[in-house]
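Notes for the one structure printed next.
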Amino acid sequence: MIEKFYSPGVGLDHLRRGALAIHIDGFAGLLAHQGYATPTARLKIRLVADLSNWLDRSHFDVGDLLEDQIQEFLKARKKQSLLRRGDSWTLTQLLAHLRREGTVYPQRTSAVATPIDRITRAYADFLIQERGLRPATLANYVPVARRFLEAKFGAGKLFWNKLHLKDVTEFVVRRSSTGSPKRAQTDGSALRSFLGFLTKQGEVSASLAASVPTVANWRLAELPQFLQPAEVEKLLRSCDRKTATGRRDYALLLLLARLGLRAGEVVHLTLESINWAAGEVLIHGKSAREDRLPLPPDVGRALATYIRRDRPACSSRRVFIRMKAPRQGFANSVAVCTILKRALRRAELHPQKMGAHLLRRSLATKMLRRGASLAQIGEVLRHQLAQTTEIYAKVDLAALRPLAQPWPGGAR
């Protein structure tokens, strides 16, 4: 398979030597499948060949290959000034490939899990199995629990009887002094959840969860940031639909603008989520919730064009795939926000907040100004609580104008 990346007649025997000799063609096949360009693939193959020879010289068998040996090899290359950016990632890819093939042992976990490791793993399992929360929520909640325990107990044993209300309050105050009110609110919610879990486990008293102080961040204090309809269309036109990347970005931004999807919902959209015959799309939302939304004609056309013409061939069933190798779905919501920010810069639009929710709020504001009720907007945005939609009442100028009182001493 390595012949795919070299001209006919080029001698390649020197690449098939050492402990990894019989595995290098399989790795080259993986690189081809993931869409790596020839120059990049050659560098990766050369690196693996060097590792293969190093393993031989160090008297390591391929079955013993672990992260420790990889790090030792990389240190040796660094001393020789041979280490390149990306070498560590290449060998991580190799190790994952060999594990899938059953050639090397599964990844080795730490020999002794710490008490904090054990309790946070149990907490993560609880959030998934009993609360039905999605990985994105775990990524916000579990680290807060870990930091709270480390602040109190360090890396040692967990003495639950030494956990007091003061520890909870001091942690929240310290965290709230270094971040935004919104971040502090999320930390508070995570800590209440974790302390509630500990209560359920019988480790702490119920009063600890109730003692987490509320962070002041006045509800409905700010106007929602949004784009005017003409600005949304300008944003969409900024995508160069003569290119594959432009057509992908156009389809992605249309989902945000026309359906008001969240960034994470776009990331996890799969080919099976789209029902072309019924003209609808299945959205996996918060807390394992599923909703079927109608697929507007322009969104359907943009998706069909991208999938037929531009979506890279790969094993992933995600709709949106990286245009550069490795060909796989986006890692998280950051990729969607990055695409939006680039489009905003191209369109010369400079809103204060540039996250994916900008288009979600723009859709809500547009609906409101066209006569939709708050209940209808909440239904489209799939808000679970009516209060979540109340913020849009502040941009309903037609409804608010009759309520305005004349300024004291001003013109009547």
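The values are calculated or read from the model by the stated rules, or taken from the named source; none is laboratory data. For clarity, every value in this text was computed on a predicted model and none was experimentally measured. We place every Cβ from the backbone using ideal geometry, glycine too, and count neighbours over all the protein chains shown.
Residues in the stretch 46-63: is at least one of a type in the set (Gly, Ala, Ser), within 20 Å of residue 314 (Cβ to Cβ) and at pLDDT 90 or above? Talk me through it step by step, then tell me what you get.
Taking the stretch 46-63 and keeping what is of a type in the set (Gly, Ala, Ser), we get 49, 52, 58, 63.
Filter once more, so that each one left must be within 20 Å of residue 314 (Cβ to Cβ): none.
No: zero hits.
Residues in the stretch 309-321: is at least one part of a helix (DSSP H, G or I) and outside the structural domain of residue 39 (by TED's automatic domain parsing)?
Quick first cut of the stretch 309-321, residues part of a helix (DSSP H, G or I) only: 309-310.
Retained after the next criterion (residues that are outside the structural domain of residue 39 (by TED's automatic domain parsing)): 309-310.
Yes - at least one qualifying residue is present in the stretch 309-321.
Residue 130 - would you say it is exposed (fewer than 11 other Cβ atoms within 10 Å of the Cβ), within 27 Å of residue 189 (Cβ to Cβ) and acidic (Asp, Glu)? If you could, list the steps in order and put the result at the bottom.
On the way: exposed (fewer than 11 other Cβ atoms within 10 Å of the Cβ): yes; within 27 Å of residue 189 (Cβ to Cβ): yes; acidic (Asp, Glu): yes.
In short, yes.
In the stretch 145-181, which residue that is within 25 Å of the chain's Cα centre (by Cα) and modelled with pLDDT of 90 or more is farthest from residue 198 (Cα to Cα)? First the steps, then the outcome.
So in the stretch 145-181, the residues within 25 Å of the chain's Cα centre (by Cα) come out as 145-148, 175-176, 178-181.
Checking the rest, the ones that are also modelled with pLDDT of 90 or more come to 145-148.
Numbers: 145: 11, 146: 13, 147: 15, 148: 13 Å.
The residue in question is 147.
Would you mind telling me which numbered condition in (1) of a type in the set (A, V, I, L, M); (2) within 30 Å of residue 30 (Cα to Cα); (3) out of contact with any Phe, Trp or Tyr (no Cβ under 8 Å at 6 or more places or on another chain); (4) buried (at least 17 other Cβ atoms within 10 Å of the Cβ) residue 163 fails?
Every condition holds for residue 163 apart from (2).
Among the residues of the stretch 261-282, which ones are crowded, with 22+ Cβ neighbours inside 10 Å and within 15 Å of residue 299 (Cβ to Cβ)?
Passing the criteria: 261, 265, 266, 269, 281.
Could you tell me whether the stretch 245-252 includes any residue that is touching a strand residue (DSSP E or B) at 6+ places or on another chain (Cβ under 7 Å), within 30 Å of residue 300 (Cα to Cα) and either loosely packed, with under 14 Cβ neighbours inside 10 Å or at pLDDT 90 or above (or both)?
Kept after step one, since they are touching a strand residue (DSSP E or B) at 6+ places or on another chain (Cβ under 7 Å), are these residues of the stretch 245-252: none.
No - not one qualifying residue is present in the stretch 245-252.
For the stretch 27-49, which residues satisfy the criterion of being surrounded by fewer than 17 Cβ atoms within 10 Å (Cβ to Cβ) and either in contact (Cβ under 8 Å) with a residue 40 or more places away in the chain or closer than 13 Å to residue 94 by Cα (or both)?
Quick first cut of the stretch 27-49, residues surrounded by fewer than 17 Cβ atoms within 10 Å (Cβ to Cβ) only: 29, 32-33, 37-40, 43, 46.
Passing the criteria: 29, 33, 37, 40, 43, 46.
Pairs needed: first member in the stretch 237-258, at positive phi; second member anywhere, surrounded by fewer than 23 Cβ atoms within 10 Å (Cβ to Cβ); C-beta distance under 9 Å; at least 6 residues apart or different chains.
Short answer, once both residue conditions are applied: none.
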